[in-house]
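Worksheet: the structure to be examined is printed underneath.
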Amino acid sequence: MPVRGNATGWRRRALRLVELCLRLDAEHVLSRAMKRWPVAALLEATEEWDASRFAAVARDWRLKKVARLLEARGHRFAVQCCAEWEPEFLTVVLPQVSLVTARHVLAGLYFRSEDKDLSPYECRLIVEAFPPSVRRKLLRKFEERDVSRVLRAEEGDEDEDDEEDSEDDEDGEDSSDSLDDFIVDGETDGEADADGDEDADEEMQGVEGDDVEEGDDDEDDDDEEEEESDD
């Protein structure tokens with residue numbers, strides 16, 4: 001704790017301690033040393049930390065202090081940091097943050113994320129850690145289908161998108177095998193039909209050509225008869 005009248009000296013020594021512990025990969029020592037620091041000092045000391053380092057050091061601090069730090073660092077940092085923690089810890093820390101921050105975290109870890117960091121059941125445990133009245137406000141901006149999926153999830157359930165992808169892969173393999181039934185004498189039915197259509201087109205062109213030539217002969221005869229009558 002800083003001493004009254006000597007805050008500048010304490011701050012300088014504290015920052016040197018942080019730098020030394022990080023250089024030695026001694027996050028556990030740093031976590032215990034910073035556990036009772038005020039929030040303002042923690043914000044200054046951790047200003048340049050990434051989410052992974054912050055999550056490792058702050059894991060054992062008081063929940064309300066962690067919540068205040070997450071709020072101060074912003075929603076994006078809160079999502080990245082919560083992705084580093086296990087779901088069991090999120091069930092106790094997220095109810096300590098504001099409703100808006102908690103909603104951003106759930107959106108980033110499950111509801112609006114393609115690469116989901118939580119399973120439906122893990123998300124359900126986190127949601128159920130909130131009081132029922134807060135729970136409704138927390139989920140009201142998410143898709144009803146996703147919310148229903150989470151609220152009825154059981155332990156061991158996987159996301160439906162993963163199951164659909166595996167089914168699509170199996171269907172693709174079956175369809176590729178079924179093409180063998182259409183191969184006849186080295187060509188497919190589609191190729192045979194195409195050859196038949198070409199032959200039919202050639203025959204029709206021949207017939208139309210004969211009709212045109214006969215029509216031209218008739219016109220020539222009519223012209224000759226008109227010339228004789230004039231003579």
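The values are calculated or read from the model by the stated rules, or taken from the named source; none is laboratory data. Please read all numbers here as calculations on a predicted model, not as lab measurements. So basically every Cβ, Gly included, is an ideal-geometry build from the backbone, and we count neighbours across all protein chains shown.
Structure summary
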read-out	value
Positions within region 52-76 being closer than 13 Å to Gln96 by Cβ and surrounded by 14 or more Cβ atoms within 10 Å (Cβ to Cβ), in sequence order	Ala58, Trp61, Leu63, Lys65, Val66, Ala67, Arg68, Leu69, Leu70, Glu71
Failed item in (1) outside any helix (DSSP H, G or I); (2) in contact with a helix residue (DSSP H, G or I) (Cβ under 6 Å, 6 or more places away or on another chain), with Thr101 passing the rest	(1)
Residue within region 85-108 that is over 18 Å from Lys137 (Cα atoms), in contact (Cβ under 8 Å) with a residue 24 or more places away in the chain and under 18 Å from the mean Cα position of the chain (by Cα) present	no
Residue in region 47-66 that is modelled with pLDDT under 90 and farther than 21 Å from Leu90 by Cα present	yes
Unmet criterion (only one of (1) modelled with pLDDT of 95 or more; (2) surrounded by fewer than 17 Cβ atoms within 10 Å (Cβ to Cβ); (3) of a type in the set (D, E, K, R)) for Asp146	(2)
Condition met for Leu139 (aliphatic (A, V, I, L, M) and farther than 19 Å from Gln80 by Cα)	yes
Residue check, His75 touching a His at 6+ places or on another chain (Cβ under 9 Å) and closer than 30 Å to Ala33 by Cα	yes
Candidates Ser31, Ser52 - the one that is of a type in the set (S, T, N, Q), more than 29 Å from the chain's Cα centre (by Cα) and part of a helix (DSSP H, G or I)	Ser31
Pairs, first in the same structural domain as Pro87 (by TED's automatic domain parsing) and farther than 15 Å from Gly156 by Cα in region 115-140, second small (Gly, Ala, Ser) and buried (at least 19 other Cβ atoms within 10 Å of the Cβ), C-beta under 7 Å, six or more apart	Leu138/Ala102
